[in-house]
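The values are calculated or read from the model by the stated rules, or taken from the named source; none is laboratory data. Just so it is clear, the structure is predicted and the values come from calculations on it, not from any experiment. Note: ideal-geometry Cβ built from the backbone for every residue, glycine included; neighbour counts use all protein chains shown.
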Amino acid sequence: EDDMDSLSLTASVGDRDDLELTDIGLRFYPNGEYLTGTFDARGFDENYGEEKIVIPVHITADDGKGNGTDSITIEFNLGKRIFKRVDGDKSFDGSNYEDVLQIGGNNNELRGFEENDQLQVLYGSGNNLRGGSGHDALSSEDGNNNSMQGGTGNDTLSIEDGNNNFLNGDDGDDTLIVVDGDKNVLRGGGGLDKFIIYSNSQSTTIVDFEVGLDEIELTAFDTAPTPTLSDEIEGGKNVAVLTFQEYGNVTTLKLENVQSANLTAGDDYFFI
C-alpha cells in the first residue's frame with residue numbers, strides 16, 4: 001500500500017545449500033488486513049534432479065492500521081519439495097514438509113516422512129514407497145512388484161495398472177484402490193479402511209478385511225453388478241470369493257479369513 005513504510009523479507013530454504021535456485025517469484029494476494037502469497041523457486045539438484053519449491057507466505061503488519069508506520073516481515077522455511085527422476089536403484093527422502101516425489105525405474109525407495117506427501121511410481125518394478133506420518137497419497141501408474149506403506153494418518157494408496165503389487169495402508173482410515181492389474185494384494189491395517197475395486201482389476205486379494213468395519217466400494221463399476229459369492233480354502237485359510245462380471249470382464253476379489261455368509265450389501269453398492 002502507498003502508506004506502508006517498509007517491507008522486510010526473510011527467506012530460507014533450510015539446509016538445502018546444494019540447490020541452485022532459479023526463476024524465483026513472489027506473489028501477494030490481499031486478505032482483509034493481511035497479505036498472503038507464495039514464494040516459488042525452481043532449480044536443479046545433482047542428487048535429486050529437477051525440483052520446484054513452493055512455499056506459502058503469511059504477512060502481517062505491526063498494527064494493521066495502515067498508518068504509514070508499519071514494518072511488514074515475511075518469514076518462511078523450506079516448503080513443498082517437488083522432483084521427478086528417471087533412474088533406478090536409488091533411495092530418496094522427502095522433507096518435514098509436504099513433498100511430491102516421483103520416480104521412474106526399478107528398485108527405488110521413496111520416503112515422505114512428515115506432513116501430507118505424494119509419492120508416485122511413474123513406471124518400473126520393485127519400488128518401495130513409504131509415506132510416514134500425515135495423510136499421504138501413494139500411487140503407481142504402471143509397474144509390477146511394487147510395495148507401498150502408508151504409515152500413520154488417513155492415506156490413499158492406488159494402483160493404476162500393474163501386477164503383483166502390495167499395498168499396506170497401515171494405521172489410520174485408509175483408502176486402497178486398484179484400477180487395472182492382476183494378483184495385487186491389499187492390506188488395510190488398523191482403522192476403518194475402504195477398498196475400491198474397478199472392473200479391470202482382474203484378481204485382487206485383501207488379507208485383513210474386517211467385517212462390520214471395513215468397506216468394499218463397487219461404485220467404480222458402471223452397471224453395479226451383483227457378485228457371485230463362494231468360499232475356498234487356500235493355505236489353510238478360509239477365503240471369501242466375490243466374482244463380478246461386466247462388459248465381458250471377470251473381476252475376482254478374495255477376502256482372506258472371511259466367510260462369504262457374513263458379507264452384506266449396503267447403500268451405493270458397498271459390501272461390509
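List every residue pair whose Cβ atoms lie under 7 Å apart, where the two residues are 6 or more positions apart in sequence or sit on different chains, the first residue falls within segment 174-203 and is over 14 Å from Phe244 (Cβ atoms), and the second residue, located anywhere, is of a type in the set (Lys, Arg) and in a strand (DSSP E or B).
Pairs that qualify, where the first residue is over 14 Å from Phe244 (Cβ atoms) and the partner is of a type in the set (Lys, Arg) and in a strand (DSSP E or B), are Thr175/Lys194.
Of the residues Leu138, Leu122, Leu167, which single one is within 15 Å of the chain's Cα centre (by Cα), in a strand (DSSP E or B) and at pLDDT below 95? Talk me through it step by step, then tell me what you get.
Numbers: Leu138 fails: at pLDDT below 95; Leu167 fails: at pLDDT below 95.
Of Leu138, Leu122, Leu167, the one residue that is within 15 Å of the chain's Cα centre (by Cα), in a strand (DSSP E or B) and at pLDDT below 95 is Leu122.
Every residue in segment 245-254 that is closer than 14 Å to Asn200 by Cα, in contact with a Ser or Thr (Cβ under 6 Å, 6 or more places away or on another chain) and modelled with pLDDT of 90 or more, please.
Thr251, Thr252, Leu253 - these are the residues of segment 245-254 that are closer than 14 Å to Asn200 by Cα, in contact with a Ser or Thr (Cβ under 6 Å, 6 or more places away or on another chain) and modelled with pLDDT of 90 or more.
Can you tell me how many residues in segment 199-226 are in a strand (DSSP E or B) and either small (Gly, Ala, Ser) or at pLDDT 90 or above (or both)?
The qualifying residues number 7.
Could you give me the residue pairs with C-beta distances under 9 Å whose first residue belongs to segment 227-240 and is part of a loop (DSSP other than H, G, I, E, B) and surrounded by 11 or more Cβ atoms within 10 Å (Cβ to Cβ), whose second residue is modelled with pLDDT under 95 and hydroxyl-bearing (Ser, Thr, Tyr) wherever it lies, and which are 6+ apart or on separate chains?
Pro227/Thr243; Pro227/Thr251
Tell me whether segment 172-188 contains one or more residues that are more than 20 Å from Ile159 (Cβ to Cβ), of a type outside the set (Lys, Arg), part of a loop (DSSP other than H, G, I, E, B) and out of contact with any helix residue (DSSP H, G or I) (no Cβ under 7 Å at 6 or more places or on another chain).
The answer is no, given that none of the residues of segment 172-188 is more than 20 Å from Ile159 (Cβ to Cβ), of a type outside the set (Lys, Arg), part of a loop (DSSP other than H, G, I, E, B) and out of contact with any helix residue (DSSP H, G or I) (no Cβ under 7 Å at 6 or more places or on another chain).
Considering only residues that are acidic (Asp, Glu) and either under 26 Å from the mean Cα position of the chain (by Cα) or within 21 Å of Ser147 (Cβ to Cβ) (or both), which ones fall in segment 188-241?
The answer is Asp193, Asp208, Glu210, Asp214, Glu215, Glu217, Asp222.
Would you pick out the residues in segment 115-156 that are among the aliphatic types (A, V, I, L, M) and either under 11 Å from Leu101 (Cα atoms) or in contact with a Ser or Thr (Cβ under 7 Å, 6 or more places away or on another chain) (or both)? So that I can check it myself, show each step before the final result.
Step one: filter segment 115-156 for residues among the aliphatic types (A, V, I, L, M), giving 119, 121-122, 129, 137-138, 148.
Residues satisfying the conditions are Leu119, Val121, Leu122, Leu129, Ala137, Leu138.
Residues of segment 208-223 being surrounded by fewer than 20 Cβ atoms within 10 Å (Cβ to Cβ), hydrophobic (A, V, I, L, M, F, W, C), in contact with an Asp or Glu (Cβ under 9 Å, 6 or more places away or on another chain) and over 20 Å from Glu160 (Cα atoms), which ones?
The answer is Leu213, and nothing else.
Checking Asp193 against (1) touching a strand residue (DSSP E or B) at 6+ places or on another chain (Cβ under 9 Å); (2) of a type in the set (Asp, Glu); (3) surrounded by fewer than 16 Cβ atoms within 10 Å (Cβ to Cβ); (4) within 22 Å of Gly112 (Cβ to Cβ): exactly one of these is not met. Which one?
The one condition Asp193 does not meet is (3).
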